[in-house]
1. Using θ = phi - 60° and the Karplus curve 6.51 cos²θ - 1.76 cosθ + 1.60, what whole-Hz ³J(HN,Hα) does each residue of the stretch A:149-162 get, with Gly and Pro shown as x?
2. Just the number: Rg to Rh for the stretch B:299-349, Cα atoms, Kirkwood Rh, two decimals.
3. Using the Cα centre of the protein assembly as shown as the reference point, and only Cβ charges (+1 on K/R, -1 on D/E), how large is the resulting charge dipole? Debye, rounded to the nearest 20.
4. Determine one quarter of the surface area of the Cα convex hull of the stretch B:168-296, which equals its mean projected area, and express it in nm² to one decimal.
5. Most exposed first by the Cβ proxy, i.e. fewest other Cβ within 10 Å, how do A:182, A:281 rank?
6. How charged is the neighbourhood of residue B:372? Take every other residue with its Cβ under 10 Å from the Cβ of residue B:372, and add Lys/Arg as +1 and Asp/Glu as -1.
7. Can you list which of the GluC sites (Glu not before Pro) found in the stretch A:1-97 are DSSP loop residues with at most 12 other C-beta atoms within 10 Å?
8. Of the trypsin sites (Lys or Arg not before Pro) in the stretch B:214-323, which ones lie in a loop per DSSP and count no more than 11 other C-beta atoms within 10 Å?
There are 2 protein chains.
Amino acid sequence: MSETRILASYVTDTRLEDIPQDVRHEARRAIVNFMGCAVGGSAHPAVDIAIRTLGPFSGPPTATVLGRSERLDPLHASLMNGISSHVYDYDDTTPKNYSHPTSPVASALFSYASANRVSGRDFMLAFILGFEAESRVANAVYPAHYDAGWHITGTSGVFGAATAVGRLLGLSVQQMVWAIGLAATQAAGLREMFGSMAKSFHPGRSAQNGYVAALLAKEGFTAGEHGIEGPRGFAAVQAAAYDLSKITARLGVDFDLRANTYKPFPCGIVNHPTIDGCIQLHDEHRLAPDAVRAVRLRVAPLVMDLCNQQNITKGLQGKFSVYHGAAVGLVRGRAGMKDYTDEAVNDPHVKRVREHATAVGDPSVTEDQARIEVELADGRVLTKFVEQSLGNLGRPLSDRQLDDKFRDQGVLALPDEDLESLIKLCWRIDDLDDVNEVVAASVPRATKAGAPGLVTPASRRA
Amino acid sequence: MSETRILASYVTDTRLEDIPQDVRHEARRAIVNFMGCAVGGSAHPAVDIAIRTLGPFSGPPTATVLGRSERLDPLHASLMNGISSHVYDYDDTTPKNYSHPTSPVASALFSYASANRVSGRDFMLAFILGFEAESRVANAVYPAHYDAGWHITGTSGVFGAATAVGRLLGLSVQQMVWAIGLAATQAAGLREMFGSMAKSFHPGRSAQNGYVAALLAKEGFTAGEHGIEGPRGFAAVQAAAYDLSKITARLGVDFDLRANTYKPFPCGIVNHPTIDGCIQLHDEHRLAPDAVRAVRLRVAPLVMDLCNQQNITKGLQGKFSVYHGAAVGLVRGRAGMKDYTDEAVNDPHVKRVREHATAVGDPSVTEDQARIEVELADGRVLTKFVEQSLGNLGRPLSDRQLDDKFRDQGVLALPDEDLESLIKLCWRIDDLDDVNEVVAASVPRATKAGAPGLVTPASRRA
């Protein structure tokens, strides 16, 4: 059997009972992290523009956009969820293929589950299978595919959305083969878009396109049978080198959800070891905002390539400044969403420490590491060596740290009480009779009732 | 200036007065051929399935699908127009890059012009510029891009649709740069889909995606500035070798519409020289249906690779049988849509000649040529050497032959009188105050009035 058909059969036939408990828990963690990102990003201008522009083309508004008052057809809602959950670059990452895997799959699934009644168990199974399909396709073409310039989140994501939605639609194996083909032939997204809104468009469009692929396949819209492995299929066309065995090896035994990681800080990941170490120093020594006289960093050379900005005035620049990361860690003892605003970058305490920091690229320091030396106003010199940065596979965020991350983003959109309810709902998603309960809880209360043009949740299947 | 920006400026700033008259006439020819294909393909099952599946997700139905009673939002209508106009593989081809260039551009433009008032002059200008942009992008990456397995019609088509719709939307140069970026990052379509419905999905999706790119760019949704030429842009990522100078060289002087060709027969193009010669023999010798005893063909070796099927029973097989092409040419004196049905393939006269035909691949015969020898029942032997097949650049279809081709397809959907009106409207498209007149004329009369759920043309801007 071809890789496409093996994958199609696996996604079609697997039951939730076949999924180990630890993988199910990793799925919950991925959902919690995703929802925090989607809600946190839901007010970003990219989402505003996309809804304003494409809303007038929406079909019957049977789906809620996560974190927003607007309802759209589920295809457009998938797009918006994908943009919001990725737009701050804060969603999950699988280091083995550098994709951000949850956004394309969950964006489509929450949209589907908003417009159609889906139980938590069915949702979880579809999510786990879509994630696995997408990540295995990515593994097969990584690194040649990514190195060539493809944004692997978009290109592999469409396979995840197609198979996950396809599973909820109850596709046959043959239909799933077509859905994978229709996904393959829509796999797109260029790294040239990094730094623009179009980057976040990628997981959104892959969610939407995968959803379309599954719908069409169910109705008998045919596609090539060898979308992945054919001589002119996804792997051969979009990767100079690939290994198809990574799609099928130990399928149903190994799960890439176990290889998923979560960013603890909303900024360039190469800054994370430095921030992590600076927060530790802050906490261990209860540093006052004016305690630091100078900072000396030894970091991986890549940090100097990507994040060597010191004279900055904008929050967005802070995300790519290792000096700013060190400064907020030492001065504020944290590096959350509020620490990457224009205000934070211009905070006098933060600014002073940032301007008294130096950094050197050191080939003996890995990208997971940082060597930090801090000179205090009282003359003491503190040092810290971070060997494994927080959030790495070797030092994953705890469930409670994921909650804190969720809160840090969620306060942008929701009052505390509603935020805590939403977090709790996400953790027990597989117990819900109707996943729309989570979707509805993501919408800010003020806009829930009485906002003009809103369709009430009760009318969704009307 | 970068290639992306040069192209964006050209598409933004050019006036219809800058376009030579012969190019404008070639544009009319492309539109006539496109409309015949769209109307002829409008009842294909691929279109039925796509409308049935995605219609429920359509926004306000302000656009007419060409040749159909259904109205959809213009994005979905673009998709449907792209499927119908390509599904019989009968649309135009630019041999210099093997793309089918009109479908993505015109599918989006007719949809836009159905939902918004567009004059014929504005329509023609947008079409010519979109065609040129798309074809130049294709030239830059051809042949490496096509050889790698990309369906260049889909990948280049999205640039055409984005720039053409962007022109009608009045994008600024900066917005056009973003539209091109958003097109680049959606460029998709694999040749692995050939032989399935997904092939016709490619021009449809590129029309729809290009339209979306233009809409978003107009509202300030940003994209990378170097979508085409950037180190991780379309050319570098999607072609092993490319020549960006083909995008900008003699821009505004040379026009690829002059290099466009039209298939005279709805079948594999390698069969065309044989069919052409056989029709000539039929006409020159007024052959009766039972006149032929045997046929001996010498053809390019590629014909034997692709079209060496003799024992066939289905119309679709006939499209890839050089023997069937010879038989209908000799027996019926034509090779139109009606000659590639199951009925035609099983016609006893056609079947007998097909079964008495032999073919040999001959490296001295080019793919534009055929050597034909026909033995008649009365003992005479006729020969014909076709040096340049009808429809090639060296022997283009005349305007009247394009009309005949239109009629051959259009009778599948429209009564004769309506067909003649539609053909006339297409030829004088640049004189129309409102291009929707053409769109409305493509809809079969029986379904125009009173069909349930239809929105009348008058309500389109309501």
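Quick note: the coordinates plus some simple rules give every number you see, no bench work behind them. All figures in this text were calculated on a predicted structure; none of them were measured in a lab. For neighbour counting, all protein chains shown are included, and Cβ atoms are generated from backbone atoms with ideal geometry for every residue, glycine included.
1. x, 7, 7, 4, 4, x, 5, 7, x, 5, 5, x, 5, 5
2. Numbers: Rg = 10.3 Å, Rh = 10.8 Å.
Across the stretch B:299-349, the Cα-based Rg/Rh ratio is 0.95.
3. 560 debye
4. Details: hull surface 52.8 nm².
Computing the convex hull of the Cα atoms and averaging its projections yields 13.2 nm².
5. Going from least to most buried by this count: A:281, A:182.
6. Numbers: positive: B:296, B:298, B:371, B:384; negative: B:276, B:373.
My count for the surroundings of residue B:372 gives +2.
7. On the way: sites: A:3, A:17, A:26, A:70; in loops: A:70.
In loop regions of the stretch A:1-97 (DSSP not H, G, I, E or B), there are no sparsely surrounded GluC sites (Glu not before Pro).
8. On the way: sites: B:218, B:232, B:246, B:250, B:258, B:286, B:293, B:296, B:298, B:314, B:319; in loops: B:232, B:250, B:286, B:314, B:319.
Within the stretch B:214-323, the qualifying trypsin sites (Lys or Arg not before Pro) (loop, at most 11 other Cβ atoms within 10 Å) are B:250, B:286.
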